[in-house]
Amino acid sequence: MIRVPLPRLRQLRVVALATSGLLVASALAAPASNAQVTPAAAPTATIPGVDEIVSSPNLRQIANVPKVAPLDATNSDIAFQGRYAFAGNYNGFVIYDISRPSAPTVKARVLCPGSQNDISVHGDLLFLSTDSPRSDDSCNSTPLGADVKASWEGIKVFDIKDKANPRYIKSVETACGSHTHTLVPGKDRKAVYLYVSSYSPRAQFPDCQPPHDSISIVKVPLKKPTEAAVVATPNLFPDGGFPGSPTGSATTGCHDLTAYPSKDLAAGACMGDGILLDIKNREAPRVINRVRDETNFAFWHSATFNNAGTKVVFTDELGGGGAATCNEAIGPNRGADAVYDISGRGDARTMTFRSYYKIPRNNADTENCVAHNGSLIPVLGRDIMVQAWYQGGISVWDFTDSANPKEIAFWERGPLSADTLVGGGTWSAYYYNGHIYSNDMVKGLDVLELNDWRTWTAKLTRYQELNVQTQPSYLGW
């Protein structure tokens, strides 16, 4: 999402709640009393009213945990480990105990402002991305202009061994900050790497100089995480990226990368370019194929592989997540997903466009709606993913046939306002160990249950840890 102004808070506070402690008010909210059920994949006859919930029969909400101060800024990404979900917020992060998905509880809230607090976890470590210039690297920092050399942006590292009391232990400054980061385990398991994506350099920004055709790679030794440091800044576009057009963003860095470590692959969504990378050498990723869509894509935002690594889905965040693009005027091919087949071997692998996918419902012009973060659902024998669409809600769709993707389930709230475009909706919607978890920018954490014959085999796969942009493989046939 495009950077937005943040409320600025000055203290690091950890509010710990015992596992058996109180639920946040309304944490057990079931589907609202005005919820309606509509057939899967069929457009709703009318746009839902303000906060009205509509869904297909096979997808229902089972819990909601609202945001509370001081973490009442914009919610962002989610990571998972064991019985915990870790949810980013522009003011810090929340640790939820999800051992009972229908009754999540808050284990800890950590106040540490810094857009956009993209989040990942590994073992006893948690990583946050800071993508707004701050006065220093502390959680007491204040905003500072990017034109000031002393400003700080980058990665923050927390020790989360005690889930009720996370400890901030290390920071690493990175060029142009860290809009997102992707965790990639080292081959020797002694370290993890963070592939840091950032963009939009300016000549007047001392720490973000053009051209910015690279990512930053932070190496984190697992036994000595306080020695984390930038070890490489590979140039992914030595000949320059997409120069931009009236309808498409110029490439001045990457927005997000998804790694598939077991296949030594990564896919990069880099503003004006989609790229496929060989990451066998974790400190020297290489671009092996690049694609562009100068007709319909405005901003290459994120990527998802299928389990076999033979397809990749790229998303287009038309309007930066702040515009109404799920309407008749924009149409079905813009602000959508694009499905690409991957063929060939080694450095000869190429990506070939097959189709677009967009939710088959028009939203109100007061709703920001566009393709955003989602995850593969570990279904045997099929390619199915769940995806967030901001106020377009949550869509479950099947791209087994690359040329003919189709929706099989959906859930959404009506607009936040009937009269004015107000930003909100689900930032990330991910499948984890039997349920879908959504971090709604305004409404908080939603938990949904999917019951569909086409996805029941996903319940056979259990993960101990899940960072969606570090894509795991699962047993297939």
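Suppose the filter is open to solvent by 30 Å² or more (accessible area, probe 1.4 Å) and either part of a loop (DSSP other than H, G, I, E, B) or in contact (Cβ under 8 Å) with a residue 60 or more places away in the chain (or both); does Ala203 pass it? Please lay out each step first, then the result.
Values: open to solvent by 30 Å² or more (accessible area, probe 1.4 Å): yes; either part of a loop (DSSP other than H, G, I, E, B) or in contact (Cβ under 8 Å) with a residue 60 or more places away in the chain (or both): yes.
For Ala203, the condition - open to solvent by 30 Å² or more (accessible area, probe 1.4 Å) and either part of a loop (DSSP other than H, G, I, E, B) or in contact (Cβ under 8 Å) with a residue 60 or more places away in the chain (or both) - is met.
Quick one: in the range 144-158, of everything that is of a type outside the set (A, V, I, L, M) and under 22 Å from the mean Cα position of the chain (by Cα), which residue is surrounded by the fewest Cβ atoms within 10 Å (Cβ to Cβ)?
Among residues in the range 144-158 that are of a type outside the set (A, V, I, L, M) and under 22 Å from the mean Cα position of the chain (by Cα), the one surrounded by the fewest Cβ atoms within 10 Å (Cβ to Cβ) is Lys156.
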query: Would a scan of the range 225-232 turn up a residue that is touching a Ser or Thr at 6+ places or on another chain (Cβ under 7 Å), open to solvent by 10 Å² or more (accessible area, probe 1.4 Å) and closer than 20 Å to Asp347 by Cα?
result: no
- prompt: If you go through the range 160-169 one residue at a time, do you hit one that is open to solvent by 30 Å² or more (accessible area, probe 1.4 Å), within 30 Å of Asp124 (Cβ to Cβ), free of Cβ contacts under 8 Å to residues at least 12 places away in the same chain and outside any strand (DSSP E or B)?
  reply: yes
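Looking only at the range 189-200, how many residues end up being touching an Asp or Glu at 6+ places or on another chain (Cβ under 8 Å) and open to solvent by less than 10 Å² (accessible area, probe 1.4 Å)? Give the steps one after another, and end with the answer.
Going residue by residue through the range 189-200, those that are touching an Asp or Glu at 6+ places or on another chain (Cβ under 8 Å) are 193, 197-198.
Then drop every residue that is not open to solvent by less than 10 Å² (accessible area, probe 1.4 Å), which leaves 197-198.
Residues that pass the stated criteria total 2.
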task: Could you tell me which numbered condition Ile288 fails, if it satisfies all but one of (1) under 19 Å from the mean Cα position of the chain (by Cα); (2) aliphatic (A, V, I, L, M); (3) farther than 20 Å from Leu183 by Cβ?
output: (1)
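Here's the yes/no breakdown for (1) buried (at least 22 other Cβ atoms within 10 Å of the Cβ); (2) among the hydrophobic types (A, V, I, L, M, F, W, C); (3) at pLDDT below 95:
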site	(1), (2), (3)
Thr426	yes, no, no
His435	no, no, no
Asn439	yes, no, no
Leu448	yes, yes, no
Thr457	no, no, no
field: Check on Thr252, open to solvent by 10 Å² or more (accessible area, probe 1.4 Å), among the β-branched types (Val, Ile, Thr) and over 30 Å from Arg361 (Cα atoms)
entry: yes
message: Given the criterion over 18 Å from Ala63 (Cα atoms), aliphatic (A, V, I, L, M) and in contact with a Lys or Arg (Cβ under 9 Å, 6 or more places away or on another chain), identify the matching residue among Ala458, Ala403.
response: Ala403
statement: If you go through Gly424, Gly374, the only one that is assigned to a loop (DSSP other than H, G, I, E, B) and under 24 Å from Ala103 (Cα atoms) is Gly424
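Checking the structure you have, find out if any residue of the range 469-476 is within 24 Å of His255 (Cα to Cα), touching a residue at least 24 places away in the same chain (Cβ under 8 Å), open to solvent by less than 10 Å² (accessible area, probe 1.4 Å) and within 13 Å of the chain's Cα centre (by Cα).
No, there is no match, as no residue in the range 469-476 is within 24 Å of His255 (Cα to Cα), touching a residue at least 24 places away in the same chain (Cβ under 8 Å), open to solvent by less than 10 Å² (accessible area, probe 1.4 Å) and within 13 Å of the chain's Cα centre (by Cα).
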- request: For the range 377-410, enumerate the residues that are on the phi > 0 side of the Ramachandran plot and either part of a loop (DSSP other than H, G, I, E, B) or free of Cβ contacts under 8 Å to residues at least 24 places away in the same chain (or both).
  value: Gly381, Gly393
query: Could you say whether any residue in the range 177-188 is more than 29 Å from Leu144 (Cβ to Cβ), open to solvent by less than 10 Å² (accessible area, probe 1.4 Å) and assigned to a strand (DSSP E or B)?
result: yes
statement: Within the range 351-400, restricting to residues that are surrounded by fewer than 23 Cβ atoms within 10 Å (Cβ to Cβ) and of a type in the set (Asp, Glu), the one that is nearest to Tyr430 (Cα to Cα) is Asp398
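So that you can scan it fast, the table gives a plain yes or no per residue for (1) part of a loop (DSSP other than H, G, I, E, B); (2) in contact with a helix residue (DSSP H, G or I) (Cβ under 9 Å, 6 or more places away or on another chain); (3) among the polar types (S, T, N, Q); (4) free of Cβ contacts under 8 Å to residues at least 24 places away in the same chain:
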residue	(1), (2), (3), (4)
Phe237	yes, no, no, no
Phe242	yes, no, no, no
Ser249	yes, no, yes, no
Leu276	no, no, no, no
Asn281	yes, no, yes, yes
Ala298	yes, yes, no, no
Gly309	yes, yes, no, no
Val313	no, no, no, no
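The values are calculated or read from the model by the stated rules, or taken from the named source; none is laboratory data. These numbers were taken from a predicted model, which means no experiment stands behind them. In this analysis, Cβ positions are derived from the backbone assuming ideal geometry, glycine residues included, and neighbour counts consider all displayed protein chains. What goes into the accessible areas is simple: the full protein's heavy atoms, side chains included, and nothing from ligands, DNA or RNA. Shrake-Rupley method; radii C 1.70, N 1.55, O 1.52, S 1.80 Å.
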